[in-house]
Amino acid sequence: MGKDSYDDLIFQLGDLARERLANKANRPRAMERVLKAEEALLARREEMEELERQMNDEDGGYRDFQAQQEAERLEQQEIVKKWRRAVEGIEGRTKNLRKKMSTQRATLRYQKEALKKAEERHKDLEMTQHHEEAKIALSRENLKKFRLAQMRMQRDIEELEAELETILTPRPGQPGAAGILAHKRLMEMEDEAEARKEEHDQLMAELDAQLAAKDQEVAAAEDYLDQAAYILGEEVYSQRIPDPALAALYLRVDKAS
């Protein structure tokens, strides 16, 4: 068995002093640093546990959502199957409309990102090149075009949504209405699933990033506690504070010095 080094023994002395002297009235001055370091480490660990709890809750909630959707999907599919002929009469039109809507929604998301970047560039231009009036005016004009394009795209999507809603709203007494409504619900569920997945993925990515940062904070707090314990060990050793358990370590530190 290898011989303990001076540093190892000082660490041991600091840990033991924390255990033996923390509640003493005349405890070493370095004890305050150790106690505060412990509090900080405990707080960081509790914050990390809270982030892990949030991740587990979100993951569990998402799985519950998927299970609920699957159960409802089976029910709606049975209704669609029963009224298959009525659904077939509108299926082609709804499929094409949804394809157009999906494409335009993706384009709109891209346009929003492009507009956000353009607004940031324009703001920076006004701050750094305010003397370039022509350049700023051109940038402002481009922003107007971006916004108009978004408004047109949003209007087009709303028109498609209204057209789809009309197709999926059975007339009073229309044969197979239950099947059409079930078909409508299945499409709504697809949209809900897509939106929920996007929300889930984004939240989990954010929590994962926070967890990684918190892990570094915990590691830093652990290092600081080690340093505080070492300083406490040095102080206790230098003062030779009377204590039977500490005295045994003093002799070992003497030999390692």
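The values are calculated or read from the model by the stated rules, or taken from the named source; none is laboratory data. Predicted model only: the values in this text are computed from it and were never measured. With ideal geometry, Cβ positions are generated from the backbone for all residues, glycine too; neighbour counts draw on all protein chains shown.
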Inset, instruction - Report, by residue number, each residue of the stretch 153-185 that is surrounded by fewer than 11 Cβ atoms within 10 Å (Cβ to Cβ) and over 30 Å from residue 72 (Cα atoms). - result: 155
Legend entry - Cβ-Cβ under 8 Å pairs, at least 6 apart or on other chains, the stretch 143-172 side under 16 Å from residue 111 (Cα atoms) and at pLDDT below 95, far side in a helix (DSSP H, G or I) and of a type in the set (Asp, Glu): 143/119
Legend entry - Subset of the stretch 244-257 (residues that are farther than 12 Å from residue 15 by Cα and either surrounded by fewer than 12 Cβ atoms within 10 Å (Cβ to Cβ) or not assigned by TED's automatic domain parsing to the domain that holds residue 38 (or both)): 244, 247, 248, 251, 254, 255, 257
Inset, instruction - Can you confirm whether the stretch 107-125 contains a residue that is surrounded by 11 or more Cβ atoms within 10 Å (Cβ to Cβ), free of Cβ contacts under 8 Å to residues at least 24 places away in the same chain and small (Gly, Ala, Ser)? - result: no
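What are the residues in the stretch 225-243 that are out of contact with any helix residue (DSSP H, G or I) (no Cβ under 9 Å at 6 or more places or on another chain) and either free of Cβ contacts under 8 Å to residues at least 60 places away in the same chain or surrounded by 14 or more Cβ atoms within 10 Å (Cβ to Cβ) (or both), if any?
238, 242
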Legend entry - Filter result for residue 123 (more than 27 Å from the chain's Cα centre (by Cα), in a helix (DSSP H, G or I) and not polar (S, T, N, Q)): yes
Inset, instruction - State whether one or more residues within the stretch 110-123 are of a type in the set (Gly, Ala, Ser) and out of contact with any helix residue (DSSP H, G or I) (no Cβ under 9 Å at 6 or more places or on another chain). - result: no
Legend entry - residue 204 vs. criteria in a helix (DSSP H, G or I), at pLDDT below 95 and surrounded by 15 or more Cβ atoms within 10 Å (Cβ to Cβ): no
Legend entry - Inter-residue pairs, beta-carbon under 8 Å, first farther than 17 Å from residue 223 by Cβ and at pLDDT 95 or above and in the stretch 33-53, second assigned to a helix (DSSP H, G or I) and hydrophobic (A, V, I, L, M, F, W, C), 6+ apart: 51/207; 51/211; 52/211
